[in-house]
Each structure stands twice: as C-alpha cells, then as structure tokens.
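Below is one structure; the comments refer to it alone.
Computed from the coordinates by the stated procedures, all read-outs in this text should not be read as laboratory data. Keep in mind that this is a model prediction, so the values were computed, not measured. Backbone-built Cβ (ideal geometry, glycine too); neighbour counts: all protein chains shown.
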There are 2 protein chains.
Amino acid sequence: MFEPEGRKVCVPIGTTVLQAAREGGVDIRSECGGKGLCGKCKVIIKSSEALSELTDVEKKLLCRTEVDFGYRLACQARILGNVTVVIPTESILFFRKIQVTGMERSVALNPAVTKIHVVLAEPTLSDVRPDYERLLDALSDAVKVNDLEMDYEILKRLPDIIRGSRFDVTVAIWHDRKIISVEPGDTSNRMFGLAVDIGTSKIVAHLVDLTTGEVIDVGSVENPQITYGEDIITRISFATAKPENLKILQECVVGALNKILDEMLKRKKIDPHEIYEVVAVGNTAMHHFFLGIQPKYTALSPFTPVLKRQLNVKARELNLNMNSCGIITTLPIIAGFVGADAVADALATGICESDEISLLVDIGTNTEVLLGNSMDMLSCSCASGPAFEGAHIKYGMRAVAGAIERIHMTSDFDIEYETIGESKPRGLCGSGVVDAVAEMFKYGIIDWTGKFNTKLEIPRLRRSNGEIEFIVAWGCETATGKDIVITQRDIREIQLAKAAIYTGCSILMRRKGISETEIGRVLVAGAFGNYLNPDSAKILGLLPDVPTEKIKFLGNTAVTGAKMALISKETRKKADEISRKVRYLELAADPTFKEEFLKATFIPNKDLNRFPSIRSIIEEGL
Amino acid sequence: MFEPEGRKVCVPIGTTVLQAAREGGVDIRSECGGKGLCGKCKVIIKSSEALSELTDVEKKLLCRTEVDFGYRLACQARILGNVTVVIPTESILFFRKIQVTGMERSVALNPAVTKIHVVLAEPTLSDVRPDYERLLDALSDAVKVNDLEMDYEILKRLPDIIRGSRFDVTVAIWHDRKIISVEPGDTSNRMFGLAVDIGTSKIVAHLVDLTTGEVIDVGSVENPQITYGEDIITRISFATAKPENLKILQECVVGALNKILDEMLKRKKIDPHEIYEVVAVGNTAMHHFFLGIQPKYTALSPFTPVLKRQLNVKARELNLNMNSCGIITTLPIIAGFVGADAVADALATGICESDEISLLVDIGTNTEVLLGNSMDMLSCSCASGPAFEGAHIKYGMRAVAGAIERIHMTSDFDIEYETIGESKPRGLCGSGVVDAVAEMFKYGIIDWTGKFNTKLEIPRLRRSNGEIEFIVAWGCETATGKDIVITQRDIREIQLAKAAIYTGCSILMRRKGISETEIGRVLVAGAFGNYLNPDSAKILGLLPDVPTEKIKFLGNTAVTGAKMALISKETRKKADEISRKVRYLELAADPTFKEEFLKATFIPNKDLNRFPSIRSIIEEGL
C-alpha cells in the first residue's frame, strides 16, 4: 500500500519498494535509477517489521533522525510482508513545467504524404485488369506509378476496400513511392501527422493537419523512462543489463506517445488511421531507445552511435497507435552526443542558412553546442552533467511545482525568490541554483574559486557538520519545514557543469577563430532555457561574454524543427545536409581541453580578459 | 478413434467425422471439401449408436448394401459420443506421384542476393563514424551505397553483430538495394535460396546453392489445403466463408513449405538464416492464398485477380522458416486464370523467346493454354474441371498408388492395364481414363458422340441399374474387390473436359491465324503430363492433330522456371516482360465459343477435317 495515493500493489517477497512502486505505477524520485547512489528515493515505512534490514547504503545516505522516523531508501528496502509506505513530499515525482513550443521559421507546405482521390472503372469481361494495376492506371495521371509500391497489408485487403466503396477510393502515398493507405470515398481533406521531440525528461508532440501545415493540438508528458534513471547513462546501463530492458525503455516512449496521441485524437475527433506520418527527434540515446536500437556503444569510448542518417520505419514495427502502414521518420543525428534534436534546433533556427554567426547551446545533461553559419558549422557535446536539472545538488530538484526558479539577493544579503506554481519551496531547480551562485559571487559570499568567504558573518551562512552552507529559504517558509541550503559541494557541482559548457563554446570559438564580438547571437535551447537569467549565466561564466540582448532563449525548438520536417520534404533534405555538413569535434581529443576546463571552473573564468563585462562588475563593486 | 491408423481425437459433440479427421491429422478423401457432393469420404462406423442419423445426402450417395455394412459419409455423420471409424482403402488420401523436375534451359548465374565480405576499421576517438555509415563506407567499393537500405531488424542488432566478430563481417544484399543480413566472419560461400511451385494438389521446392546455381536438394509434399477442397473453387469458397479461413489456407502452404524446408536443411546441414530468398510460382488462386490476399473476386465474374506484377515480401511477414529479413518473391501472373506457374512454364520452355510457334498446354482443373512465339503470344484459360484428376468420375482417383494409369485394349476387347506402384487397382487416374475412352472409341465400343454401342455384346459391357458401363478391371483383380467400371456419365465428363481444352487451343489458333501445320511443338505441362499417352490424347481430340513427335511432355516446368528466376535477375525481368506481353483472351467472351465447344464434345471432334490422322484411323478401321 502506497500513501498518500492509497495504491495497493502485490509483489513477490524480496521485491524492493522502488520496484513495487514502479509496478503499481506510483512515481518515486530516483535520479540514479535505483542504484543506491542518489538517496532521493526516501520513503517512510509504517510497518517496518516486514522489511529487510537497513543496508550499508542506507546507513550512509540516511541520517540518524531519518532512521528514527522510519525513513528508508525505496531502492534498498526489500518487502518481506505487508507494508504500508508513505512517500514524503520531497520524494514524489512531480510533473514539471514542459516547454512545448519554440521559435519557428515558416516553410512551404510540401508534406511527404499526399492523397489522391480516384474513381476506378469497374471490371468487366473485356476489362479484367487486376485491382492493383487498375488502381495504378487510375493514379498514373497524378503520379509516376512505375516505382510505386503498395504496403503488403493493404494489398491483402485491396479487393474488399475498392469494392466496398464502389470503386471510389482515396490513396495516400508516401514520398511518391509507397502506397500507405487506400480508403473508401474521398478523404483527401483528412490527413494528419505528428511531430515529436523525445527528450530525456519530457516528450512533446504536435498534432499537425498536413493539408494546411497548421499545428492543431499540442500534447506532452514526462518521459516515463525517468523511473529507470534520470540521466542517459543510467538508462543505457539499464538497457544493456538485460536484453528485455531495451524493449522496456522503447515501450516507455511508445506508450507515452500513444497516450499523448489518444488524448489528442479524442479531443480533435481524428481516427488513428488518419495519422499517416510521424517525424521524431531526440538526442542520440533517446533516438536509439525509441527505435529499439542497441545504445550500448554510444556510452562507451569512442562513443559511436549505430546510425546517423534519417530512418524511415513502418508504424506497425513500432506499435504506434496510428495508421499501421504509416511511416515514422527519425531525423538524422550529427554524432554520438549531438543528436537529431540538435539537427531540429538548427532547422528551426536556420543557423545553418544564415550568414550571421550563431552560437547555439542546447543545455541538458549533455549540452550540445553549435557554432558557425551557412559557410561552416562546428559542433561538440559537453558532459555538463545533471546538476542544472537538480541532480547532485543537495536541495536540487527538477523544474516542477515548488522549485525555486529565480533568486535575487538584496544588498543586506537577504533573499527574494520565486517558486514554480507559486507554492511553498521544496528545493532549487537549475535556474535557481545558477541565480544563487551568481548572486553569492556578486555579493562576495563566495570568491572566484567558488569558496565561501568564511570571514563573512551573516545569518544565512552557517557551519553544519563541519561544512559551510548558505541558507536560501528558512524552514518556516518551505513545504518540508526544513531549511533549503546551498552547500560548498553544490557550488563545486555547478562550477564543473558550467565549466564543461563554457569549455565547449570556447574550444569551438578557438577552432573556428571566432571571437566573442563576432558572434551575432547566442541561442539557448533546452527546457531550462526560458527560465535562465542571462545575466546570472554570464556572471557564472556559463556563456561567453556577449551583450545580453544577443542572448535569446528558444524554448522547445526541437519539436518545431521536427514539425517543419513533417510538413516539408525540402526541410528533410536540409536535415540531411545539416547532418552531413555540421562537423563534429570530440572535445576530449582537443589538447587544450584540460587547461581550458580548469580555467573555466573559476567564476566567471580564470582568464578574466574574456569576461570584460563581469570584470567591470567585480572592479566597480556593486 | 480412426482405424487403420489407430489415431484418437477428442472433439465436441456434433462435430462431423470429416472435421474430426482433419483435427486429428487423419487424411480422408473429400473432393468437394465436405459439402456432401462427391460421396468420396465414405467411412465405416463400428459403433453407430453414437452418431447422428443418416442424412438425405447419404441416402442418395450411399447404396443399400453400403448402408447395411455401416458405411457413412464422413462429412455428413456427426459424432454424438465415442465412435470408432474405419477408413476404407478407397477413402484414404494416398500420396501421389509428384513430378518434381522439368525441362530446363541454362541461364547465367546472377542471383538477386549477393554477399560482400568486409573488414571495418575499428572506431577511435578520431574516427567516430556510426556503425551503419562505417559499414556503408566499407561497402562503397563494391556497391553503390546511396540507395542501400538496411532491414530495420538488423539495424537494431548491428552494433553487437559487428563487435561480436571484431569488425569482420559479411553483408548479404538483395537487388543492390536492401541489406538483408550482416553476419560474423566471411560467409560469402554460404548462400542458399528456394524455388517453389505451389500447385493446387502438390507443393514442390528446389533448394538451390546461390553461389553455383545448382539444385542441391528437392522436396515435395501434397498441398495440405486439399482437406479444404480438392479444387480451387471449393477452397476459395472456404476462404471467403470466414475471415480466419484465408489465414488457415495460407498457413497450410507456409506450414507445408516449412516442413519441406526443415527436412532439406537438416539433410544438407544448412541453417535457416542461410536461406536468403524464395521465388514462388503457382496459379493465381495459390498465389493469392500463399500471400494471404483476398481471392474472392478471382472466382466471380469478371474474375479479376488482385495483382499481376511481381511481388517481394519480407520473409517474416509470411513466417517462413528462413532468414527473417530475407525476401520472398512471387513471379507475376498473366491474368486471373493464367497464373505465375504459366509464366514459369514460359520461362522454362523459352516459348516467348523462340521464333518457332509453340502451343503450351498446362493441364489441371483449370488448363492454361499459350500459343505463339517471340513475336506475340496469346493465352487463355479453360475450365476443364477436375475430371482428369479423378473427380466426377465414378472410379476416378488421383494419380496415387493403385491408380490405373495406362490401358491398352486388345482386338478381342480385352484390357491390359498398368497401375501406379504396381499394386492392385483401386480406380482410374486421368491418363487411365483418357486411355480407356480413346481405346473404347478406337474399337467401336463408343461412337463419336460418346455413346456406348449397345449392339455390341461383350462381357465387359453391361447394364447396371439401367445404365451401361464398361468394366476395366474385374473385382477379383482389384484392391477393393469391386469391379472398376467406366460409366456413360464418366465418358460425358471426359468429353466436357477435353472439349474445354481443345476449344481453348482452337480459338487461340483461329485468333492468331495459325493452323495445325504451323505449330512447331505442342508442350504439355502439369503433373498429369508425363503419364498421358499422346496418341490417346489425339484420338480423344484433347489436343490439336499434330504429328506425335511434336508433342512433348514437360514435367514440372513451373518449379524450373521459378528456379531460373531465383538464380537470375535477368530471368525475373523476362518474367515481367512475359506477364506484360502475353495477351489474355477471355474465352467466354469469344462469340464462337459455344459452337466450338459443342463441336469439340464429339470424339475427336465434329469437324473431322481438323483431325486427318484420326479420320484415317476411323476410315481405315483397325
């Protein structure tokens, strides 16, 4: 029995509480995927006599008081009898703010799927042409029929379809070469497609009317793979642990997509068979998971993906609840860690077609950076880690209700903050942590190496268990009653994360011989994007020091790029070009990497010359 | 319980004995498919109190003595309790002589599947090409890789395959455009295919080594669809009665093919995954059944098939026990009743490439006739019915052990006969009936209208139940102890069947303006072929009157044509040409059809001028 939901689950003896929760569909946070590393899956046990003993992991990750209160880690505690488990507020996996739209450029409507309405001559003894050839003859006015192939599933039912509609049918053709539907009557005005962005943490879909190119509905859902690990590497280890696990991860995505689809189709009164095409993007791991392709070697050096090119798969091979003969297209990727989402970003922003030099930074657990213009574009991937998504931060959390997303410090070291959903704070999300660190640096609470200024005596700075921490929100203000603090270790994590991203930007700039002043615009993508304070990002040294007005937040450009490809064959060709042309730089192989990285761990950077606007803040004081 | 096999079957009350036999895998003859028409499914019941009452059908089709002996019709008697059924000799479905080879012309080896062995460079940090692109790059020396597509199932496992073999793999490519296998190591000398002829009554397969083009094994089996009806029309009615029935018929063929395959693969120590391609032929109904394509409208006027062209289907869509990514190709058909088997016949005999004028007659329930040469070829289909296969003939049977296949009459009206398997006779197969009728005509026992000469007083001619019959074998000689006779009605059936075939030949000749003397060769195909006495066929007026030496029997040319297409892409192109070029004539739409047909019911024909060699026999006497 799980509380507060009151969900009952029956599991074999020896099952962990976390597994039981998954089976019962109860969401518990588990950043490490159940490996006993993150300690985020804390639960309170009501009847502890029916559970396994405390493990060493729990002894390490739970404090004395928690143990006394009946706290356990869900991934460690094994169920030996009837158990009632209370999931405390901090361990509930809340749904987060999902960015479902993004910057979009207009493209001419030219979808891969076309529909042709034809009326066939009825067969007679003097015209005994077979059904298929009869149909092709009728289509030959509108399309080159020589290379046309009919989906075998349709062929089997063809005679009944055309006779059931008195030889009056509409044919859906994909890319002028595959007949993917033959339908009774004239249905040429009914034709829909789906653009999908499969993010590590969220899945967003746009339902598109392919006759107009308009988005008619938008749906989104948390990526349910999250219960198998918050980050990509955890999920890849899960996927490769057992052969059936990859299938589980694939089914997670497909199930989530079907859920979004079902809801949208019901709302819009569209039949699943009227969805003829899906264009999907995602980072390389999500791309592989979605396709059920072995992702193991994308996570092992030298990090090779299985394929790069655009792939077209029959809908029924992926069990998506759409026309079973329809086509699912995944856009191409650039390299192992620069995925189809980056290609979609480039499509949506047009950075590969513009003369202006753009720096595109798509921040996530892996941050993709693209730098260049229509002449040449260089890309890299930075192992920024999940700190900006709340992991490895003591009070870090995802951007869900209760997360502090903005922090402003007043000159008397007091704090003003905003939380998502305007509810009582439960922790800090990425933009909150960035603000906090930037503000602490600005007011001298930490120095440029990130160390707390121990000489400062203010109430919010205190020593706890021998470590110094900064109190962002007092217990009396928070949802849990506990103080929300930032520790020295948290600051280190943020320094490492931002250093990784800045190093990527910096090495690309050097490789291409581009200085800060030559950059026309800095485009920040990723869900985290819109909520990030650009000034804080600059103070932190996360982004190159360009004028704030040049920094633009893109929102979900990945799904927008996918939508553009969905409604335009030309855009797909552009996607192929981007995938082929954008060069990839393996940062780890750059000889200056270590040095650059070390410099970038300073706030904003050891090389202050590269941050003139921050230097002036420091020098001028506040 | 079925005897003599001793097989026990458990079925619900009300099941017919025939259904029970099918479920138990016991073979009982049923020419009409269980409709109570043919009366061939006679069985003897040991415990008759547990069965339903005699039906009207049984009262009509069983004689008094049979009823007294406990005979019932298996399709009529319903099981109401424990029953022991004895299947008498005449109702056992024996395996018949199957013609597994045929005339063959040599073709240059150029199969659709090619194998390329490549060793890939292992990925490094400075060469992070994805697995798929790495493989394509390696293949690019040998093949144009731009249009190459990889089967999605292989793609999923690709990284493990290439790493499992230390980047040393062999790639099987179909038609230069589909990667259908990636295998560890160098397997370029292991490549097999299967040529298949799916006949209405038999399925024949040739296992071919695609590296040499040699047939390395031959397998054959009765078409198990036979228990759902002997003829095509019965099976089509079964297939269209319920949606699942078509699936049953498809599974019959696939199951039979898998059985043949398994045996051959075991014998030759070949793994199923080493079978990369199957080329199959069959008449249009068998073609549709095999593909699971709705065959309903091929049996309804105007008899339109679903498709004509060559079709390529993925092996796993048909569940054939071969490489799951392999390809099954069905050769094209010409028209509704001139199927892929006729195309294969044309390929094997080369009649569409020769200047000589050929008449090809493929005798079966539907007889296909092709007439012409490389300039032009005309085809038609004749509804010859199943008489030549033993149906509708009182003592007719298929060409299985115990069938009289040759008859010679001596001048004193005595009979010499040969039986298949040299066993005691149980009935007459097609060639035996043809011989019998021809010999009776030759010796004046019947006149040219087919009527018995009632003035003739010989022991073998007798009146029974008011009808005259000719005794071919006396009860003391036969396996059943009953006389084997030919009735007036049997002769009528044969007259109708041969008239249908001759009418087809005759109308094609007139339409093309070709006389008997212009015909270079008459090619007789079909299983029945080799065993037919050409002189008897001429006397009967089954075939045009050409010198006997011009008549050639082809054996199973259909499977040979399929094999030629399997090992040669050029032959497949020729198949397409044949399918496109061979014109089809709908006999029923020809204005002279009725008149021609009526003339042809005479023996040999009412128009004796067209049978000068037979006229001379008649005029000269014997």
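What FRET efficiency do you get for B:Glu619 and B:Arg489 if R0 is 41 Å and r is their Cβ-Cβ distance, rounded to the nearest 0.05?
Numbers: r = 30 Å, r/R0 = 0.72.
After rounding to 0.05, the efficiency reads 0.90.
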Exercise for the section: Please give, to one decimal in nm, the separation of the simple spin-label points placed at B:Arg177 and A:Lys60, each 7 Å out from Cα toward the Cβ. Expected result: 5.8 nm
Exercise for the section: Give the distance, in whole Å, between the Cα centre of region B:395-450 and the Cα centre of region B:278-353. Expected result: 35 Å
Practice task
Compute the length gained on full extension between A:Ser423 and A:Glu353: take 0.36 nm times their separation in residues and subtract their Cα-Cα distance, giving the result in nm to one decimal.
Solution key: 20.9 nm
Handout entry: Calculated label separations, A:Pro12, copies of the chain, 7 Å along the beta-carbon direction, nm
Key = 3.7
Practice task
Putting +1 on Lys and Arg Cβ atoms and -1 on Asp and Glu Cβ atoms, find which of B:Ala142, B:Leu120, B:Val171 reaches farthest to the positive end of the dipole of region B:113-184.
Solution key: B:Val171
Completion exercise
The farthest towards the positive end of the charge dipole of region A:196-340, of the residues A:Val279, A:Val215, A:Val204, given +1 on Cβ of Lys and Arg and -1 on Cβ of Asp and Glu, is A:Val279
Exercise for the section: Would you mind giving the mean number of other chain beta-carbons within 10 Å of the Cβ of each residue in A:298-311, as a whole number? Expected result: 6
Handout entry: Net charge contributed by nearby residues that have their C-beta within less than 11 Å of B:Arg462 (K/R +1, D/E -1)
Key = -2
Problem - Percent of C-alpha pairs per 10 Å bin, chain A, short to long - result: 3, 16, 23, 23, 18, 10, 5, 2, 1, 0, 0
Problem - For B:Thr240, net neighbour charge (Lys/Arg +1, Asp/Glu -1) across residues whose Cβ lies under 12 Å away - result: +1
Exercise for the section: Sort shortest first the distances from A:Tyr584 to its counterpart in every other copy, using label points 7 Å along the Cα-to-beta-carbon line, and give them in nm. Expected result: 5.2
Exercise for the section: Please work through chain A and write down the cysteines that have no neighbouring cysteine Cβ at a distance under 4.7 Å. Expected result: A:Cys10, A:Cys41, A:Cys63, A:Cys75, A:Cys252, A:Cys325, A:Cys352, A:Cys380, A:Cys382, A:Cys429, A:Cys476, A:Cys505
Completion exercise
If every Lys and Arg gets +1 and every Asp and Glu gets -1 at its Cβ, then about the Cα centre chain A yields a dipole, in debye to the nearest 20, of 1180 debye
Practice task
First measure r as the distance between the Cβ atoms of B:Asn110 and A:Leu125, then evaluate 1/(1 + (r/R0)^6) with R0 = 35 Å and state the FRET efficiency to the nearest 0.05.
Solution key: 0.30
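Rounded to the nearest 20 debye, what is the charge dipole size of the protein assembly as shown about its Cα centre when +1 sits on each Lys and Arg Cβ and -1 on each Asp and Glu Cβ? Please report the intermediate quantities before stating the final value.
Values: 152 positive and 166 negative charges, 266 e Å.
Approximately 1280 debye in magnitude.
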Fill in the blank from the handout: Magnitude of the Cβ-charge dipole (Lys and Arg +1, Asp and Glu -1) of region B:514-594 about the Cα centre, nearest 20 debye, reported as 480 debye
Handout entry: Inter-label distance for B:Lys569 and B:Asn312, nm, one decimal - labels placed 7 Å from Cα along Cα-to-Cβ
Key = 0.9 nm
Practice task
Pick out, in residue order, every one of the chymotrypsin sites (Phe, Trp or Tyr not before Pro) in region B:450-493 that is DSSP loop and has at most 16 other C-beta atoms within 10 Å; say none if there are none.
Solution key: B:Trp474
Exercise for the section: Arrange A:Glu389, A:Glu516, B:Glu422 by Cβ neighbour counts within 10 Å, fewest through most, would you? Expected result: B:Glu422, A:Glu516, A:Glu389
Problem - Relative contact order computed over chain B (Cα-Cα under 8 Å; 6+ residues apart), in percent - result: 13 percent
Problem - Fully extended contour minus Cα-Cα distance, from A:Lys606 to A:Asp168, at 0.36 nm per residue - result: 150.3 nm
Handout entry: Pseudo-label separations to other copies for A:Lys60 - Cα-to-Cβ vector, 7 Å, nm
Key = 8.8
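Which net charge results for the neighbourhood of B:Leu608, defined as the other residues with beta-carbon distances under 12 angstrom from its beta-carbon, given Lys and Arg at +1 and Asp and Glu at -1? Present the calculation step by step, with values, prior to reporting the outcome.
Details: positive: B:Lys599, B:Lys606, B:Arg610, B:Arg615; negative: B:Asp545, B:Asp607, B:Glu619.
Once all neighbours under 12 Å are counted, the net charge is +1.
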Problem - Within chain B, longest stretch free of exposed trypsin sites (Lys or Arg not before Pro) [DSSP loop, at most 10 other beta carbons within 10 Å] - result: B:270-454
Handout entry: Mean separation of Cα contacts under 8 Å, 6 or more apart, over the residue count of region A:196-340: relative contact order %
Key = 23 percent
Completion exercise
Over chain A, the sum of -39500 (n - 2.57) across DSSP H runs of at least four, divided by residue number and rounded to 500 deg cm²/dmol, gives at 222 nm -9000 deg cm²/dmol
Exercise for the section: Provide a whole-number value for the mean count of partner chain Cβ atoms within 10 Å of the Cβ atoms in peptide A:153-161. Expected result: 5
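Cross-link list B:Lys115/B:Lys573; A:Lys247/A:Lys394; A:Lys156/B:Lys266; A:Lys247/A:Lys314; B:Lys202/B:Lys394; B:Lys512/B:Lys599: which exceed 25 angstrom alpha carbon to alpha carbon?
Listed pairs above 25 Å: A:Lys247/A:Lys394; A:Lys156/B:Lys266.
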Completion exercise
Final fewest-first order of B:Val26, A:Val145 on the 10 Å Cβ neighbour count is A:Val145, B:Val26
Fill in the blank from the handout: With the 8 Å Cα cutoff and a minimum separation of six or more residues, region A:517-622 has a relative contact order in percent of 30 percent
